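Since every read-out is calculated from the coordinates, none of them should be taken as a lab result. Just so it is clear, the structure is predicted and the values come from calculations on it, not from any experiment.
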Amino acid sequence: MALTTVKNITITGTCRIDDTLVERYTAVISGDDPSNMSLSQAQVNKALVKANIAACRADRAEFEDLAYSVQDELLADAETTETDESTES
């Protein structure tokens with residue numbers, strides 16, 4: 001038996017209308033390969049989502065932009081590390 005571990009980066013966000021939770025957002029970026037990322041959302045209060053669809057979409061878009069920005073940083077760091085390692089060889 002051997003322990004197997006995986007290092008991932010998880011980003012979470014919420015959309016709230018008048019302090020009421022409406023939606024949850026999650027992004028998981030692979031620590032082994034930052035090009036692998038999953039995005040998910042969960043509607044917590046469907047009635048408030050329906051009544052505030054524009055605000056929910058704006059929050060979701062902002063969250064996705066943030067997640068892609070973090071992914072881009074990780075990809076750039078991975079590329080720099082690969083370049084440094086190939087230069088040292």
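Picking from Glu64, Glu23, Glu73, which is most flexible by a Gaussian network model of the chain using Cα springs under 10 Å?
Result for the chain, Cα springs under 10 Å: Glu73 fluctuates most.
Out of residues 5 or more away from Gly31 or on other chains, whose amide H comes under 5 Å of its own, with H placed 1.01 Å from N in the peptide plane?
Excluding prolines and chain starts, which carry no amide H, the hits are Lys7, Asn8, Ile9.
If I fit a long axis through the Cα atoms of helix 53-88 and take the longest principal axis of the Cα atoms of the chain, what angle between them do I get, 0 to 90°, rounded to 10?
With both axes taken from Cα atoms, the answer is about 0 degrees.
I need the Kirkwood Rh of the chain: take the reciprocal of the average 1/r across all distinct C-alpha pairs and report it in angstrom.
15.1
Suppose a student asked you for the relative contact order of segment 1-61, using Cα pairs under 8 Å spaced at least 6 residues apart; what percent would you report?
Relative contact order comes out at 28 percent.
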